[in-house]
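What follows is a set of notes on a single structure, which appears directly below.
The values are calculated or read from the model by the stated rules, or taken from the named source; none is laboratory data. Values in this document were obtained by computation on a predicted structure and should not be read as measured data. No Cβ is skipped: glycine too gets one built from the backbone with ideal geometry, and neighbour counts run over all protein chains shown.
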């Protein structure tokens, strides 16, 4: 069974499987492995400077001849680099697909198209999807409440995808994100009206992802009930909701009566240090990602994960994960009533 959709046709990929831009966990090796496996790999560059961005895109291009995407968060609170300048850097480096989130893509769509690149925008409502299409984006990504990491919707995937599909009609493909980690979830997203699925947590638990072993352990061992939707880890990106694994930091805050920022237990406590040369401190409530060289109490950090974490039980090469997802999706579709044998 083939898995051809409007998404695969537009992007020139084999399977309707997109790796989410999982922040500092992304690497050229991860993006290339997924693209080489038939999906769409992704780089997150918002927190990289312009030279680091160029290098990451160059290295990815050296590892794959297939399409891959580069993501930028549009919220100015997340970066010191002007967004227009950063997009220019991404396009000059040869990114074939640009994805934009947490902001209005409209000011940048024409420039992306002038570079013969494709532009996608993540949305959290049917209205936002309609606005994105009117602005000229080529695809929309619906991020449901179940998603891990930073979340820009208050609506569950199963309710959001049909609403967005109805809102945009046949104008652009729709990609479903949030709570998807296996082929059954991908098949369900297609049935809801999406043209593909966007997976983050499943690919954080891959060999190529740049994450700490303790983070991977928690992903393997956690269930669907072990996440919290919160704004607690707000140092670095204030006011933005996110979904993380339950941990001691959350427990202590709840036991203290859920006090506001500035009054939380251990507010200025350093729980870990980065793997950078200066070993910069990571305070409790920082939104810093647990990368491999972090030292300290990693379990107390923000361990981003979606509710699909209960389906994330092992760590394997990303290419193998893509192949399994594709096979599971085809199998799930074949078992639906009325499907051809």
* To do: Filter the stretch 104-139 down to residues that are in a loop (DSSP other than H, G, I, E, B) and touching a strand residue (DSSP E or B) at 6+ places or on another chain (Cβ under 7 Å) and give me whichever is surrounded by the fewest Cβ atoms within 10 Å (Cβ to Cβ).
  => 117
* **Residue ID - farthest from the chain's Cα centre (by Cα), chosen from residues in the stretch 237-267 that are assigned to a loop (DSSP other than H, G, I, E, B) and within 23 Å of residue 307 (Cβ to Cβ)** => 258
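Results for (1) farther than 24 Å from residue 38 by Cα; (2) touching a residue at least 60 places away in the same chain (Cβ under 8 Å); (3) assigned by TED's automatic domain parsing to the domain that holds residue 20, shown as yes or no for each residue.
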| position | (1), (2), (3) |
| --- | --- |
| 78 | yes, yes, yes |
| 103 | yes, no, yes |
| 117 | no, no, yes |
| 123 | yes, no, yes |
| 133 | yes, no, yes |
* All but one of (1) in contact with a strand residue (DSSP E or B) (Cβ under 9 Å, 6 or more places away or on another chain); (2) over 23 Å from residue 189 (Cβ atoms); (3) crowded, with 20+ Cβ neighbours inside 10 Å hold for residue 61, so report the exception by its number. => (3)
* Asked: Checking residue 328 against (1) touching a strand residue (DSSP E or B) at 6+ places or on another chain (Cβ under 9 Å); (2) in the same structural domain as residue 181 (by TED's automatic domain parsing), which single condition isn't satisfied?
  -> (1)
* Structure fact -> Within the stretch 252-282, residues at positive phi and touching a strand residue (DSSP E or B) at 6+ places or on another chain (Cβ under 9 Å) come out as 266, 279
* **strands (runs of 3 or more DSSP E) enclosed by the stretch 146-230 - at least 3 residues per element that are surrounded by 24 or more Cβ atoms within 10 Å (Cβ to Cβ) and not assigned by TED's automatic domain parsing to the domain that holds residue 291** => 174-177, 196-199
* Exclusive hit being touching a helix residue (DSSP H, G or I) at 6+ places or on another chain (Cβ under 7 Å) and assigned by TED's automatic domain parsing to the domain that holds residue 265, set 294, 298, 322 -> 298
* Which of the residues spanning the stretch 281-332 are touching a residue at least 24 places away in the same chain (Cβ under 8 Å), part of a strand (DSSP E or B) and farther than 22 Å from residue 15 by Cα? -> 283, 286, 296, 304
* **Boolean, residue 129 is in contact (Cβ under 8 Å) with a residue 24 or more places away in the chain, within 24 Å of residue 302 (Cα to Cα), in contact with a helix residue (DSSP H, G or I) (Cβ under 7 Å, 6 or more places away or on another chain) and outside the structural domain of residue 242 (by TED's automatic domain parsing)** => no
* Structure fact -> For residue 186, the lone unmet condition from (1) under 25 Å from residue 3 (Cα atoms); (2) touching a strand residue (DSSP E or B) at 6+ places or on another chain (Cβ under 6 Å); (3) free of Cβ contacts under 8 Å to residues at least 60 places away in the same chain is (3)
* Asked: Are any of the residues in the stretch 45-57 part of a loop (DSSP other than H, G, I, E, B) and in contact (Cβ under 8 Å) with a residue 60 or more places away in the chain?
  -> no
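Residue-wise test of (1) buried (at least 19 other Cβ atoms within 10 Å of the Cβ); (2) more than 25 Å from residue 181 (Cβ to Cβ).
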residue: 11; (1), (2): yes, no
residue: 37; (1), (2): yes, no
residue: 52; (1), (2): no, yes
residue: 69; (1), (2): yes, no
residue: 83; (1), (2): yes, yes
residue: 91; (1), (2): yes, yes
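Listed here are the residues, each with its yes/no results for (1) outside the structural domain of residue 141 (by TED's automatic domain parsing); (2) under 29 Å from residue 153 (Cα atoms); (3) under 16 Å from the mean Cα position of the chain (by Cα).
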position	(1), (2), (3)
38	no, yes, no
46	no, yes, yes
63	no, no, no
92	no, no, no
